[in-house]
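Have a look at the structure below before the remarks.
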Amino acid sequence: MTKYIIFKADKGQLENWEKMLLAHSGACTNILAEHYDGSKKPMPQPGYRLKEFHRVEEYIDPRFPGASTHCRTGDWEVTRVEEYIPDLPISDFESVVICYCQYAPIDSPLRELPRIQVNQELRKAEVVQLS
Amino acid sequence: MSEPKESRHAATDRDKCQEMADKYGWELLRVEPTDNDILQVDCVFEGETQFPNYHEESEDD
């Protein structure tokens, strides 16, 4: 089972809230990120920091030009966590976790991301479609 | 302290990323569009992740 983890900016933490829009609807949002955690590890705790992803022009993979190339430990830090466990016999998620975050900028280096792996079946499908 | 690593897998759509997280017990951090016509998304996972050996998987089926 999977935890659905939502990272939200806590009240008063968004200085540029008018720029935080859901791209498909144009509505304002304070959601910073969503994780789907199928591992058995514990949910995030206060102090956990979101990662921030970047595209550096010289490192762009021509096969995947839209993908990020680098990441860094980000400026949003979890300050409190709530977990909601469904009381339904069958549900998509083991729990829904809400992590409230504060903006706490840090100086962290950019790290190059590993190459994007493509499994054998998808590689074959790509070759067939391109030929 | 060493930085936690990430790993990435291409997929045809965003739901496949979530299916990978469910099936293999991985933590999905992010789904990104790739601008590749076929492998349209990049699934970014926490830590090092690799698909199980395909030969072994087919034997289990």
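Taken together, the values in this text are just the output of simple stated rules run on the coordinates, not laboratory data. Because the structure is a prediction, the values reported are computed rather than measured. When we count neighbours, we look across all protein chains shown, and the Cβ atoms used for this are built from the backbone with ideal geometry, even at glycine.
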Cut-off under 5 Å, modelled amide H: who pairs with B:E27 long-range: A:G38, A:S39, B:E46
Along the dipole axis of region A:2-130 (charges at Cβ: +1 for Lys and Arg, -1 for Asp and Glu; origin at the Cα centre), the most positive-end residue among A:P109, A:F64, A:Y4 is A:F64
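Translational diffusion coefficient, Stokes-Einstein: compute it for chain A using the Kirkwood radius over C-alpha pairs as Rh, at 10 °C and 1.306 mPa s, and state it as an integer in µm² s⁻¹. Write out the running numbers ahead of the final one.
Numbers: Rh = 17.5 Å.
This corresponds to a translational diffusion coefficient of 91 µm²/s.
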Spin-label pair A:S25/A:Q45, simplified geometry with 7 Å Cα→Cβ offset, distance in nm: 3.5
Contour minus end-to-end for A:E34 and A:I90, with contour as 0.36 nm per residue of separation and end-to-end as the Cα-Cα distance? 18.0 nm
Amide H proximity to A:G74 below 5 Å, modelled H, separation 5+ or other chain, gives A:L50, A:K51, A:E52
Given only helices, namely DSSP H runs of n ≥ 4 each adding -39500 (n - 2.57), what is the per-residue ellipticity at 222 nm of chain A, to the nearest 500 deg cm²/dmol? -2500 deg cm²/dmol
Which whole number gives the average count of other chain Cβ atoms within 10 Å of the Cβ atoms across peptide A:11-21? 0
Obtain the nm distance between the two label points defined at A:V127 and A:D75 by a simple spin-label model: each point lies 7 Å from its Cα along the Cα-to-C-beta direction. 4.6
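Can you list which of the GluC sites (Glu not before Pro) found in region A:1-80 are DSSP loop residues with at most 11 other C-beta atoms within 10 Å? Provide the component values of the computation, followed by the final result.
On the way: sites: A:E15, A:E18, A:E34, A:E52, A:E57, A:E58, A:E77; in loops: A:E15.
Qualifying residues, ordered by number: A:E15.
Per residue of A:27-36, how many C-beta atoms from partner chains lie within 10 Å of its own C-beta, taken as a mean?
Working: counts 0, 0, 0, 0, 0, 0, 2, 4, 7, 13.
Mean shielding count: 3.
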Rounded to the nearest Å, what's the spacing between the alpha carbon centres of region A:39-71 and region A:14-32? Just the number, please. 20
Pop out the ³J(HN,Hα) list for region A:26-35 in order, Karplus 6.51 cos²θ - 1.76 cosθ + 1.60 with θ = phi - 60°, rounded to Hz; leave Gly and Pro as x. x, 7, 5, 9, 10, 7, 9, 6, 10, 10
Run the reach check for B:K16 against lysines, Cα to Cα strictly under 22 Å, same-chain hits fewer than 8 apart removed. What comes back? A:K3, A:K40, A:K41, A:K51, A:K124, B:K5
Which part of region A:1-26 falls in the paramagnetic zone of A:A104, meaning amide N under 14 Å from the point 7 Å along Cα-to-beta-carbon? A:10
Roughly how crowded by other chains is peptide B:23-32, in terms of the mean Cβ count from those chains within 10 Å of each of its Cβ atoms? 6
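So if I place +1 on the C-beta of Lys and Arg and -1 on the C-beta of Asp and Glu, and nothing else carries charge, what would the dipole magnitude of region A:2-130 be about its Cα centre? I want it in debye, nearest 20. Can you show the working numbers first?
Working: 16 positive and 20 negative charges, 62 e Å.
Roughly 300 debye, rounded to the nearest 20.
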With bins of 10 Å, the percent of all Cα-Cα pairs of region A:65-131 per bin from 0 is 15, 20, 25, 27, 12, 0
